[in-house]
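The block underneath contains the structure these notes are about, expressed in structure tokens.
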Amino acid sequence: MLDGLKPYPAYRESAVPWLGKVPEHWDVRRLKSLFREVDRRSSTGTERLLSLRQASGLVDHEQAGGRPIAPEHLVGFKVVQPGEIVMNRMRASAGLFAVVATPGLVSPDYAVFRPTGPLSTGYFVRLFRTSRMGTTFRMESRGLGTGESGFLRLYSDSFGRLSAPYPSEAEQSSIARFLGHADRAVRRFVRDRQELSKLLDERKTAVINHVATEGLEAKDGLKALGSVPDVAVNARWRTSRLSAVSRLRSETGRTDLPLLSVFLGRGVIPYAEGGGQVHKPSLDLSAYQVVHPGDLVLNNQQAWRGSVGVSEYLGITSPAYLVLDLDSDILPPFARYLFQARAMVDQFVTSSKGVGDIQRDVCFPWLRNAQVPIPPLREQVEIAALLDHEVCRLSSASRMIDREISLFREFLAHLVSKVVLGELDVRDAACGLADAAGHQGVSGDDDVNEIDAGDDASEEASSIEADA
């Protein structure tokens, strides 16, 4: 696909500082000559509510995980029509633009633009998402603060004053078609690699479930684990109630210790390694519980999902968690795997109560009766060593896949920037590519919801929630 791509034969100065040189036959125009802002408001609020996301573009608000909003709270929201472009004013510098594919409503704080004439919105949305254009948007934004944490808005008049490259309409469509093809190829690659990564995670879970409960070899057969009859453990191992091999720890007042958190799939980790995906701590840490190395820590509301871990650290954690001091009969290296295994997680489920599938509180009197398989200490050491090796091998393969995905995403972003800014000529390459079905001309030309490495769930900065 990239074979033979070269710069254009000749370039000229654009007279736009951020843009520099453009292909000699390209025009440069102000955005206000290409787009007109439209402001239609809903009088009923019954239209479909859309959310603007970094990776997926404009999507159905509820299907994307948003809470339902009553129609009376959506009166006054902006009405959008296919072929228009939506801009999140506060996140324009981060590339929060999308082409409208279906009619609906968007936040009143968004800006909606309609092309003034025939052009490829697919080309322009990709242009608006480049880092160079984003830097220009940031410089033209006004408000309080700086960077992503500030309340900066790109107002429509500032947007309209900016100049942008303007190839012919036919060349815009060729560029959008070429980049749509590249985008879909990268998406297919990422989807395939993510599926492989998922299989590796499933394999890791299966290995832990098998070895941590059955051992390296089960010569003497298996036996049911007490209250979990469909889970079998090594028949030679003794079993004991959790209350007999652990004690509830209740130690507070150590605000000098580092903050820890329980992270699903990773166990007990330093709070700073949570990447902003764990709840913010209280300002007053005096009631936070002390965790010692080797302690079993359970997220009280998420233990049923497997959000538990055996700590390697001395620190403090949320007073809502359960912290158990394990007996010396269970070695920490083995315990880290045992309490991740299905044999234990299934018992966390039956020891929890609540409504729905979001939060279920652990009932400690029930948890005390959970049955724990306990191999001889020598076997615990052997099991932990084997699982360390297997988990490290599988995790290394997963990290390699994540790196491949990251590199392909970086490559796509770099390619898009070079093509939409005229650094590479794709006219000949685009000739042999089929158009994406259902996306032509002013409606967007192509799928322009390019892949993003981040999580979609928090991209809207809660603007819809605030407006409602």
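Of note:
- The amide H of ALA98, built 1.01 Å from its N in the peptide plane, has VAL86 as neighbours under 5 Å, considering only residues 5 or more places off or on other chains.
- D (Stokes-Einstein, µm²/s), Kirkwood Cα radius, region 87-190, 1.567 mPa s at 4 °C: 86
- Based on the Stokes-Einstein relation at 37 °C and a viscosity of 0.692 mPa s, and on the Kirkwood radius from alpha carbon pairs, region 1-154 is assigned a translational diffusion coefficient of 190 µm²/s.
- Alpha carbon centroid spacing (whole Å) that separates region 40-71 from region 352-412: 36
- For the pair ASP109 and ASP361 in one chain, pulling the backbone fully straight at 0.36 nm per residue adds 86.9 nm over the alpha carbon distance.
- Using only Cα coordinates, the Kirkwood hydrodynamic radius of the chain works out to 26.0 Å.
- Neighbourhood net charge (15 Å Cβ-Cβ; Lys/Arg +1, Asp/Glu -1) for LEU257: -3
- Residue-wise HN-Hα couplings along region 155-163, as the Karplus relation 6.51 cos²θ - 1.76 cosθ + 1.60 with θ = phi - 60° gives them from phi, are 6, 4, 5, 5, 4, x, 6, 6, 9 Hz; Gly and Pro carry x.
- Hydrodynamic radius of region 167-217 per Kirkwood, over alpha carbon pairs, in Å: 14.3
- Taking all Cα pairs closer than 8 Å and separated by 6 or more residues, the relative contact order of region 120-215 comes to 22 percent.
- Derived scalar couplings between HN and Hα for region 364-376 equal 4, x, 6, 4, 4, 8, 4, 8, 10, x, 10, x, x Hz in order, rounded to whole Hz, by the Karplus curve 6.51 cos²θ - 1.76 cosθ + 1.60 (θ = phi - 60°), x for Gly and Pro.
- Accessible surface of the chain [probe 1.4 Å, protein heavy atoms]: carbon and sulfur percent: 52
- Where chymotrypsin sites (Phe, Trp or Tyr not before Pro) fall in DSSP loop in region 252-322, at most 14 other Cβ within 10 Å: none
- Cβ-defined net charge surrounding PRO9, 15 Å radius [Lys, Arg +1; Asp, Glu -1]: -1
- Between HIS389 and ASP60, full extension at 0.36 nm per residue minus the direct alpha carbon distance yields a gain of 114.0 nm.
- Nearest-10 value in Å² for the accessible area of HIS414, using the 1.4 Å probe: 110
- Whole-Å semi-axes of region 26-70's equivalent ellipsoid (Cα gyration tensor): 30, 17, 6
- Value of [θ]222 nm, deg cm²/dmol, for the chain, DSSP H segments ≥ 4, -39500 (n - 2.57) each, nearest 500: -10000 deg cm²/dmol
- In the chain, Cα pairs under 8 Å separated by at least six residues give a relative contact order of 21 percent.
- For the chain, the longest principal axis of the alpha carbon atoms and the long axis of helix 131-140 meet at an angle near 80°.
- For region 197-326, with +1 on Lys and Arg beta carbons and -1 on Asp and Glu, the positive-most of SER311, HIS210, GLN301 along the dipole: HIS210
- Sorted from greatest to least, the principal axis extents spanned by the alpha carbons of region 15-101 come out as 52, 25, 21 Å.
- Shown here is the pair-distance distribution of region 197-316: with all Cα-Cα distances grouped in 5 Å bins from zero up to the longest one, the shares run 2, 10, 14, 18, 18, 14, 10, 8, 4, 1, 0 percent.
- Here the convex hull built on the C-alpha positions of region 357-425 has a volume of 161 cubic angstrom per residue.
- Flagged links, alpha-carbon separation over 31 Å, of LYS32/LYS78; LYS204/LYS418; LYS21/LYS78; LYS198/LYS353; LYS32/LYS418: LYS204/LYS418; LYS21/LYS78
- Net charge of neighbours whose Cβ lies under 14 Å from the Cβ of LEU248, counting Lys and Arg as +1 and Asp and Glu as -1: 0
- Summarising the label geometry, the points placed 7 Å from Cα in the beta-carbon direction at ASP39 and ASP327 lie 7.3 nm from one another.
The values are calculated or read from the model by the stated rules, or taken from the named source; none is laboratory data. Everything numeric in this text was worked out from a predicted model, so none of it was measured. Counting neighbours? That spans all protein chains shown, and the Cβs are built from the backbone with ideal geometry, glycine included. Heavy atoms of the whole protein, side chains included, go into the accessibility calculation; ligands, DNA and RNA do not. Shrake-Rupley method; radii C 1.70, N 1.55, O 1.52, S 1.80 Å.
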